[in-house]
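The values are calculated or read from the model by the stated rules, or taken from the named source; none is laboratory data. Bear in mind the structure is a predicted one, so any value in this text is a computation, not a measurement. As a convention, Cβ positions derive from the backbone with ideal geometry for all residues, glycine included, and neighbour counts pool all protein chains shown. Side chains included, ligands, DNA and RNA excluded: accessible areas come from the protein's heavy atoms. Shrake-Rupley method; radii C 1.70, N 1.55, O 1.52, S 1.80 Å.
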Amino acid sequence: MGAGIAILAALAAVFIFLAIEGVPGLAKPAEFYGDASNFWGYVAPLLFGTILAAVIALIVAVPLAWGIALVVSHYAPKRVATPIAYVIDLLAAVPSVVFGLWGITVLARQLQPGYVWLDENMGWLPFFAGPASGTGRTILTAGLVLAIMILPIITAISREVFSQTPRLHEEAALALGATRWEMIRMAVFPYARSGMVSAVMLGLGRALGETMAVAMVLSAGGGISLNLISSSNPASIASNIASNYKEGTPGKIQVLIATGLVLFLVTFLVNFAARWIVQRGERRLAR
């Protein structure tokens, strides 16, 4: 109870600080918002870029993480599963700056010819409309880097909840003639559903709040756009704060803190919605 109260108190303190320091930034003169005329015009592209990069990361990381977790917990022999689990867990110890440097020097350069190909052959889709970035530093590259960063979090939690499935449930499904995959669908997934959603939400929280890797990889300079391979990408809220906070005037800092308040509220709403989905699923299973 004490730990829970301490966490709630810390969250309340963060919210109070953001509200006190950031609310004045909502009504600053137009010169504080760059090309936008008001705060909401300023924060909208940043929020869009934050969510878009996080969604790309989840689309790539979640299926891979769940697959790795299932291999480690239910398919691979122990002598193979243990080293795989250790290697995946070690990814969580790599600093964000290292991921950012790798994204700039290796991943972006390797993906750039692929972006050119997508522009030439699939440019009719809004996601690949081009023009392709000459450096490879796009929102898609940033999303892939984030996917690798959140992979160990989702994998580790999913692996643990998969392993906690009652052995009798699994053996009963197999005894009734189910294949191993059918047993996983009928016994493991329903039991681990809330943990799987929690793992995804923790990964999403990491992706939404990541700063340095996104700031280093993303060549930001555009508005709201679904184009994933162009250099005209909106920055994320966290990377925008990191890039502009040091040189900001007091008024500009208030605007940046206000964007942080928006990110805080969005993250809170996402986690609240996830918890509601989990509880609804648990009530449905109880019936």
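Would you be able to say whether some residue in the range 88-104 is open to solvent by less than 20 Å² (accessible area, probe 1.4 Å) and without any contact (Cβ under 8 Å) to a residue 24 or more places away in the chain? No, the conditions are met nowhere in the range 88-104. Among the residues of the range 135-146, some residue qualifies, meaning at least one is at negative phi, touching a residue at least 40 places away in the same chain (Cβ under 8 Å), in a loop (DSSP other than H, G, I, E, B) and of a type in the set (Ser, Thr, Tyr). Among the residues of the range 26-46 satisfying the criterion of being modelled with pLDDT of 80 or more and under 23 Å from Leu218 (Cβ atoms), which is nearest to the chain's Cα centre (by Cα)? So the residue we want is Leu46. Among the numbered criteria (1) crowded, with 16+ Cβ neighbours inside 10 Å; (2) out of contact with any helix residue (DSSP H, G or I) (no Cβ under 7 Å at 6 or more places or on another chain), which single criterion is violated by Arg185? Failed condition: (1). Within the range 101-124, at least one residue is modelled with pLDDT under 85, outside any helix (DSSP H, G or I) and not aromatic (Phe, Trp, Tyr). Looking at the range 247-266, which of the residues that are farther than 18 Å from Ala36 by Cα and modelled with pLDDT of 85 or more is surrounded by the fewest Cβ atoms within 10 Å (Cβ to Cβ)? Once the filter is applied, the top-ranked residue is Leu265. Has the range 33-49 got any residue that is outside any helix (DSSP H, G or I), under 25 Å from Pro152 (Cα atoms), free of Cβ contacts under 8 Å to residues at least 40 places away in the same chain and open to solvent by 70 Å² or more (accessible area, probe 1.4 Å)? Looking through the range 33-49, none of the residues is outside any helix (DSSP H, G or I), under 25 Å from Pro152 (Cα atoms), free of Cβ contacts under 8 Å to residues at least 40 places away in the same chain and open to solvent by 70 Å² or more (accessible area, probe 1.4 Å).
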